[in-house]
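Notes for the one structure printed next.
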Amino acid sequence: MSNEQIPLRILKSPWSQAAVGGALTLIPGRRYPAWLRHAITWGSTATVTVLVANPRLGSRVLGALSRSSDQEPPEPIETSPKARAVSAAVTGAATFGMLRLGWWFDEAAEQALRKLQVPFPRVLLGVAVGAFYYATDDRERKDMNSLHD
């Protein structure tokens, strides 16, 4: 294996997302500066909305991602501008809502664990998130392998 393939292999490992997700969970969301929370929330919402609203740009991005992951790029779906606008608005609203729910849930989960007198609630949350990320990534790999068999 060449040295150029090592970083790509690390990124594709089911352990990498689990380790990074678990480590980032150790930092409470309320400790992030407000500007960073807003940038994550609004930046993600805007990005998803633009990708859904602009099918050519979305297809290019999905094509680039699929080339790096050994998957076939999805076929573009022709829709009317009105349908794209509605889809973009609904997807953007859902993205914004889920991110806001995530910020709230982070705090609520930590407070619930503190009420239960769990000694290190952030560590428990970090381990739980890492395990969840690993389990879901592993299942996706098994599903993909079973489709190719």
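The values are calculated or read from the model by the stated rules, or taken from the named source; none is laboratory data. Keep in mind that what you see is a predicted model, and the values were worked out from it rather than measured. All Cβ positions, glycine included, derive from the backbone under ideal geometry; neighbour counts span all protein chains shown. The accessibility values were calculated without ligands, DNA or RNA, using every heavy atom of the protein model including side chains. Shrake-Rupley method; radii C 1.70, N 1.55, O 1.52, S 1.80 Å.
Here's the yes/no breakdown for (1) at pLDDT 95 or above; (2) open to solvent by less than 40 Å² (accessible area, probe 1.4 Å); (3) touching a strand residue (DSSP E or B) at 6+ places or on another chain (Cβ under 7 Å); (4) more than 23 Å from Thr41 (Cβ to Cβ):
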position: Glu110; (1), (2), (3), (4): no, yes, no, no
position: Leu116; (1), (2), (3), (4): yes, no, no, yes
position: Phe132; (1), (2), (3), (4): no, no, no, no
position: Asp137; (1), (2), (3), (4): no, yes, no, yes
position: Arg141; (1), (2), (3), (4): no, no, no, yes
position: Asn145; (1), (2), (3), (4): no, no, no, yes
For the range 105-128, what are the residues that are within 20 Å of Ala19 (Cβ to Cβ) and assigned to a loop (DSSP other than H, G, I, E, B)? Phe120
Only one of Ile77, Ile40 is within 26 Å of Val90 (Cβ to Cβ) and modelled with pLDDT under 75; which? Ile77
What number goes with the only condition from (1) of a type outside the set (D, E, K, R); (2) at pLDDT 90 or above; (3) more than 24 Å from Lys12 (Cα to Cα) that Ala53 does not pass? (2)
